[in-house]
1. Counting Lys and Arg as +1 and Asp and Glu as -1, what is the net charge of the other residues whose Cβ lies under 12 Å from the Cβ of Gly241?
2. Which cross-chain or sequence-distant (5 or more) residues have an amide H under 5 Å from the amide H of Ser34, H modelled 1.01 Å from N in plane?
3. List every residue whose amide H lies under 5 Å from the amide H of Trp66, counting only residues 5 or more places away in sequence or on a different chain, with H placed 1.01 Å from N in the peptide plane.
4. Using θ = phi - 60° and the Karplus relation 6.51 cos²θ - 1.76 cosθ + 1.60, list the HN-Hα couplings for region 258-272 in order, rounded to whole Hz, with x at every Gly or Pro.
5. In cubic angstrom, how much convex hull volume per residue do the alpha carbon atoms of region 98-153 span?
6. Could you compute how much accessible surface Glu117 exposes when probed at 1.4 Å, giving the result in Å² to the nearest 10?
7. Find the accessible area per residue for region 98-153; the probe is 1.4 Å, ligands and nucleic acids are left out, and the unit is Å².
8. Quick check on the chain: what are the equivalent-ellipsoid semi-axes from the Cα gyration tensor, as sqrt(5λ), descending, whole Å?
Amino acid sequence: MIIDLHCHTNMSDGALTPNELIDLAIERGVDMLSITDHDTLDAYAHTTAVPSGLNLIPGIELSSRWRKQGIHIVGLNIDLSNEAMVSAVNQQSKVREQRAQEISNRLGRLGFDNCLEGAQRFAHNQIGRPHFAEHLIAIGAVKNANEAFKKYLGAGKVGDIKEHWPDIDTAVQWIRQAGGVAVLAHPSKYKMTRTKLTELISDFKDAGGEAMEVVSGLQIPSVTRDLAKLCSQFDLLASCGSDFHSPDKKWAALGLISNLPETCNPVWDRWS
Ligand code: AMP
Ligand code: MN
Ligand code: MN
Ligand code: MN
């Protein structure tokens, strides 16, 4: 079974349309897929005729905040028409628009004019920092997205605005209200000390979080073993996903993820 419970379409910062993503999932032999766009469910309104061989699990990746740091929480198997979720997504969209304006203002102070208009040219739907990165590349300010995040958009830089995101408790509650399972996304990507990471997982669990990603994209086996240990220690369910954004990123290829360690209790047991 190939199971990929974390990926993006061009409804957020991915490159493919929802239908192109589904086609690619079929081509790769994916059995169970969740499209988890950043703060939007729009992909689910844009998928036409999902083939019966593909079990599509409704999902989302919510932006939230914990101790002044941006944290991503994936919601799986949610009810797409749930009122609390629909209004949460509306709120998140407004935050994104306001945040984009602020990012643009701040970049303007560094001498980069009209960045909002520039970034919007790359956004098909929901706007995010990767669209600003594309604009900064297009005007020759940076060579690639990595440099854009390192200099202007990443943690601690001018374009890193996360003050308006809800706290993790709120994000977890939205997911639970929609009948879904809250999953702490890519725990190893936050570059936290061990102590801080265990405090985050503990707070996440207290908030009602039920799972964490033990496998995120192509990661080294020692990281997987370590995350599996943390997952068992906190008695959480385990999830796995590529965090696929675009076909040219080899370390996050759709459906190409290693199996969960046998010690893990898979999150899909909750709905399979
Ligand atoms: P946002 O949703 O606007 O907060 O932007 C976060 C997104 O930026 C992540 O989901 C990644 O897709 C992307 N991202 C984060 N860091 C980097 C980086 N160093 N290089 C390229 N893309 C990045
Ligand atoms: Mn992204
Ligand atoms: Mn993420
Ligand atoms: Mn993601």
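1. -4
2. It is Asp4, Leu5, His6, Ile57, by chain and number.
3. Here Ile71 satisfy the definition.
4. 3J(HN,Hα) across region 258-272, in whole Hz: 6, 5, 5, x, 5, 6, 7, 9, x, 5, 6, 4, 5, 10, 8.
5. Working: hull volume 3.7 nm³, N = 56.
In region 98-153, the Cα hull volume divided by residue count equals 67 Å³.
6. Counting only protein heavy atoms, the figure is 100 Å².
7. Details: 3040 Å² over 56 residues.
Per-residue value: 54 Å².
8. Values: eigenvalues 157, 92, 70 Å².
Gyration-tensor ellipsoid for the chain: 28, 21, 19 Å.
The values are calculated or read from the model by the stated rules, or taken from the named source; none is laboratory data. These numbers come from a predicted model, not from an experiment. Positions of Cβ are backbone-derived with ideal geometry, glycine not excepted, and every protein chain shown enters the neighbour counts. Keep in mind that these areas ignore ligands, DNA and RNA; they rest on the heavy atoms of the full protein, side chains included. Shrake-Rupley method; radii C 1.70, N 1.55, O 1.52, S 1.80 Å.
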